[in-house]
Amino acid sequence: MLKEQSMSIGITPSNPNKMLWEKGDFTRIAQSMRESGAALVDSLGVGPAMDVLDLGCGDGTTALPAAQRGANVLGVDIAENLVAAGNARATAAGLTNLRFQQGDASDLRGLADESFDLVVSIFGAMFAPRPMDVAKEMTRVTRNGGRIVMGNWIPGDPTLVAQILKTSAAYTPPPPEGFVSPMTWGSEEIVRERFVAAGVPVENITCERATYVFRRKGPPLELLHTFKDYYGPTMNAFEAAEKDDRADALEAELARLFIASNRGGETDTEIPATFLKVIVLKA
C-alpha cells in the first residue's frame, strides 16, 4: 500500500493557477473524457502493487481507472473543488487504494524522493507555473526504473483543444511579464531540455503524437457551452470578450471549430484532439 504522505505546500488563495481551475467546474468537461482516460491507463500497463502519482488529476479521469486496475494511486490537483470531487468518486467506487489531495505540481515538497513507480500527468502539470521545477519535481519523486508519462496539448495543432486555447488567448488580455505558456510543453525540443536539466539522459525521453477523444450524447454545440460555462481559460476569454463587445464573435468562432471537428454526426459528439505523449524513463 502506498505510504501515507502529506503535502503542506502552502498554496495561497490568491494563487492565479488555483483561481483559474477553481473558477469553473472541470468535472463537467471530464465526463466527456472518461473513455479515453481509461484507454490511456490501459496503454501504460498499470497493475496491482504499482504506486502511481497523478498530477493535475482533476476528478480522476486517469487516477480512478488506474486504481481500478489495482494500483495504489495518489491524485494531486491545485483546485480544491476537483480534489473534493475526486475523493467523492473514489468513495462512491469503493476504492480504498485511491485518494486525492491538493498540491502544486511545481512544488511537491510534501512527497518523498523516489516514492512512485509511475508519475502521470494528462493535460494537468503542463498548466503549472515554473515548468523547470515541474520537470525536476516529477523526476525527483519517481523511483529509479520508474516512468513519467505526460499528455500535453501541442501549440499550433489544428485539433480541438489547441485551437480552443489559441482562440481564447486571442480574446484575452496579454499575460503578465515572465509568463511561460503551458503550450510550450507540447514542443518536443523544450520537453527534452526540461527533463535533461532535471537529470534525465536525453535517450530516456521519447515523444509521440496520440489522440484523445471527447465523447458525449448530444450535438457538439452542447460541449461548446460546457467549455464556455465551466472551463477556466474559455470563461476568462468570454469575460474579456464581453467587455469589448466581441463575445458573439468568439462564440461564432468556437462554434465553427466544434462543428467542423465533430465526427459523431448531427446528434452525438465525438471530437478527436491530438496531444504530445511524453514518456520519461528514470534510470
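The values are calculated or read from the model by the stated rules, or taken from the named source; none is laboratory data. The structure presented is a predicted model; accordingly, all values stated were derived computationally and were not measured. Methodologically, a virtual Cβ is constructed for each residue, glycine included, from the backbone with ideal geometry; neighbour enumeration extends over all protein chains shown. These area figures cover heavy atoms from the full protein model, side chains too; ligands, DNA and RNA do not enter into them. Shrake-Rupley method; radii C 1.70, N 1.55, O 1.52, S 1.80 Å.
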Inset, instruction - Take the residues in segment 202-228 that are farther than 23 Å from T269 by Cβ and aliphatic (A, V, I, L, M), then tell me which one is least open to solvent (accessible area, probe 1.4 Å). - result: I205
Inset, instruction - Return only the number of the condition from (1) farther than 21 Å from A283 by Cα; (2) open to solvent by 50 Å² or more (accessible area, probe 1.4 Å); (3) assigned to a helix (DSSP H, G or I) that E193 does not satisfy. - result: (1)
Inset, instruction - Quickly run through segment 231-270 and pick out the residues that are charged (D, E, K, R) and in contact with a Lys or Arg (Cβ under 9 Å, 6 or more places away or on another chain). - result: E251, D268, E270
Inset, instruction - Take segment 45-58 and flag every residue that is among the hydrophobic types (A, V, I, L, M, F, W, C), surrounded by 19 or more Cβ atoms within 10 Å (Cβ to Cβ) and part of a loop (DSSP other than H, G, I, E, B). - result: V46, M50, C57
Inset, instruction - Just need a number here: residues in segment 28-44 that are open to solvent by less than 20 Å² (accessible area, probe 1.4 Å) and either part of a helix (DSSP H, G or I) or more than 22 Å from E137 (Cα to Cα) (or both). - result: 8
Inset, instruction - Output the qualifying pairs, or none if there are none: Cβ atoms under 8 angstrom, residues six or more apart or on different chains, first residue in segment 224-237 and in a loop (DSSP other than H, G, I, E, B), second residue open to solvent by 30 Å² or more (accessible area, probe 1.4 Å). - result: Y231/F26
Inset, instruction - Within segment 208-217, identify whether any single residue is part of a strand (DSSP E or B), among the acidic types (D, E) and either out of contact with any Gly (no Cβ under 9 Å at 6 or more places or on another chain) or at pLDDT 95 or above (or both), and answer yes or no. - result: yes
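Tell me whether segment 196-208 contains one or more residues that are touching an Asp or Glu at 6+ places or on another chain (Cβ under 7 Å) and closer than 24 Å to V134 by Cβ.
Checked segment 196-208: at least one residue is touching an Asp or Glu at 6+ places or on another chain (Cβ under 7 Å) and closer than 24 Å to V134 by Cβ.
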Inset, instruction - Name the single residue, out of those in segment 229-254 being under 20 Å from F127 (Cβ atoms) and open to solvent by 60 Å² or more (accessible area, probe 1.4 Å), that is nearest to the chain's Cα centre (by Cα). - result: Y230
Legend entry - Looking only at segment 159-186, and only at residues there that are out of contact with any helix residue (DSSP H, G or I) (no Cβ under 9 Å at 6 or more places or on another chain) and part of a loop (DSSP other than H, G, I, E, B), the one that is least open to solvent (accessible area, probe 1.4 Å): G178
